[in-house]
Ligand code: PMP
C-alpha cells in the first residue's frame, strides 16, 4: 500500500525509481551533487597510483606513542569531563590556548570571542548559515577552496570570483567586483591569505591593509580562512587580517594541518555579536563540539613541544615542495607554468592553451598519477587549463615519479592537440562539481 502511494507521487512529481524521496528534497539540495571525479579518486587511492590530489597531512611525522600515552592518561584522569557533553562554544582552556596560538600572527583576542568547531569546515558552514540567504553573493578568490565552494552552494549563495596573481588577491580587481551589481549584494569576502589552497600563493603584506580598507569602504565583512598560516617553510608568520581589523573580520583556524585532521578541531574568532550567533548556530547543529577531541588537543598543547612538531611538519613539506618544483622544472613540457609556494601544501599548474585538465584526468589515472582538475576550484567552471598538485603526503621519490608520469601524460595530450585540435580533447569533458574528496 505504502509502496503504491509513493509510486503515485513519483509519477506525479517526477521522482526517480532509484530514490523515491527525490520529490521531497529541499531546493538547496539541487547544488549538492556528488562529484563525477569521485569515482576516479576511488581508483586513485590504489597503491600503484601516485596521488598528488589529496591534501592529507604527513601524520607519520607525529610521535604516535607519546600521543597514545597522553590520550590514555586523559581518559584515566579526566574521563568524566572529557567524555561528557560540553558547552556549545568549546572548552575554556582550549579557547585560551587558541588565543595564545593566534598571537603568533599578531592577533589579540579574548577567549570569549572564540567558538570551537568540528574542523574549520564547520566554521565555514555556520558562518555561511548565519549570513547567507539563497541568492546572496560571496566574493572569493579565483580559484578558491573546493570545500568552501561546496558550503556556499549548499546555502544557495552565489560566488563571484576575484582575480589573484603571484601576490594573492588583486586589490583593484576586488574594487571592480564590488562595484558590479552582484558585488553590491555581497555578504562577505572569503579569503585564504596564506599558502592558498589551491593556488599556493600568499597575500603580499603591502596588500593586506588595502584589502581591509576596500572591504570597510564597501561595507563588506571579511572571512579569513587560515589553516596553513603556521606552515611557512622558513618559519615565517604573516600578520593576520584579523590583527589589524578586529571588528570586521571573522577568522577561521584549524588544528588539522598543524596537529591532526582526524581530531576535527577548528575554530572561529568573531566580533562579539557574530560570535553569539555562531554559538547558536553551532548549538542547533551539534549541541557542542566533542569535549574529548578538544581535551586531546588542549592536553597536547599543554604538555607537548607543539611548535617543535610544527617545525618538523614544515621541514618535511619544504623538502617535498622542493622535490615537486625541481621535478616540474625537469619534466614538464614547454608552455606549462606553476606557482612557487612558500608554505602550505599545494602547487597550481597551468597547462598550454587548448588543453583540458578534467578531460585528461582518466588518462592520467591510467598512467598511475592523480591530480585535481582546476575546474573543481571555481564556481563558474573556469579552470580547465589548471590543475592542483599537492606535495604534503607522498615522499619526495614518489613525488618525482608522479610528476614524471604527469609530464608524459601532458606531452601525449599536447601531441593529440597538435594533431587533432582542441575539439577532440574538449569533447571528453562534462560539467564539474566540487568534491570534498579533493579538499
Ligand atoms: N579551509 C581550507 C583552505 C582548507 O584547505 C581546509 C582543508 N583542506 C579547510 C578549510 C577545512 O579544514 P578542517 O575542517 O579539517 O579544519
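The values are calculated or read from the model by the stated rules, or taken from the named source; none is laboratory data. Only a predicted model underlies this, so the values are computations on that prediction, with no experimental measurement involved. Ideal geometry is used to build each Cβ from the backbone, glycine not excepted, and the neighbour counts take in all protein chains shown.
Scanning the stretch 167-181 for any residue that is away from the ligand (no atom under 15 Å from the Cβ), closer than 17 Å to residue 228 by Cα and surrounded by fewer than 18 Cβ atoms within 10 Å (Cβ to Cβ) turns up at least one such residue. Taking the conditions exactly as written (more than 24 Å from residue 261 (Cβ to Cβ), more than 13 Å from the ligand (Cβ to nearest atom) and part of a helix (DSSP H, G or I)), does residue 139 satisfy them or not? Answer is no for this residue.
Restricting attention to the stretch 142-176, the residues being over 11 Å from residue 199 (Cα atoms) and assigned to a loop (DSSP other than H, G, I, E, B) number 4.
Within the stretch 122-134, is there a residue that is closer than 19 Å to residue 297 by Cα and modelled with pLDDT of 95 or more? Yes; the residues of the stretch 122-134 include at least one that is closer than 19 Å to residue 297 by Cα and modelled with pLDDT of 95 or more.
Scanning the stretch 188-204 for residues that are more than 12 Å from the ligand (Cβ to nearest atom) and touching a helix residue (DSSP H, G or I) at 6+ places or on another chain (Cβ under 9 Å) gives 188, 189, 203. Within the stretch 110-118, can one find any residue that is farther than 30 Å from residue 156 by Cβ, under 25 Å from the mean Cα position of the chain (by Cα) and within 15 Å of the ligand (Cβ to nearest atom)? Taking every residue of the stretch 110-118 in turn, none turns out to be farther than 30 Å from residue 156 by Cβ, under 25 Å from the mean Cα position of the chain (by Cα) and within 15 Å of the ligand (Cβ to nearest atom). Tell me yes or no: at least one residue of the stretch 52-73 is surrounded by fewer than 21 Cβ atoms within 10 Å (Cβ to Cβ) and in contact with a strand residue (DSSP E or B) (Cβ under 7 Å, 6 or more places away or on another chain). Scanning the stretch 52-73, I find at least one residue that is surrounded by fewer than 21 Cβ atoms within 10 Å (Cβ to Cβ) and in contact with a strand residue (DSSP E or B) (Cβ under 7 Å, 6 or more places away or on another chain), so the answer is yes.
If you go through the stretch 149-192 and keep only what is farther than 27 Å from residue 31 by Cβ and within 17 Å of the chain's Cα centre (by Cα), you end up with just 168. The helices (runs of 4 or more DSSP H) found wholly in the stretch 223-337 and carrying at least 3 residues that are within 15 Å of the ligand (Cβ to nearest atom) occupy 272-286, 291-303. Counting the residues of the stretch 106-136 that are assigned to a helix (DSSP H, G or I) and in contact with a helix residue (DSSP H, G or I) (Cβ under 6 Å, 6 or more places away or on another chain) gives 9.
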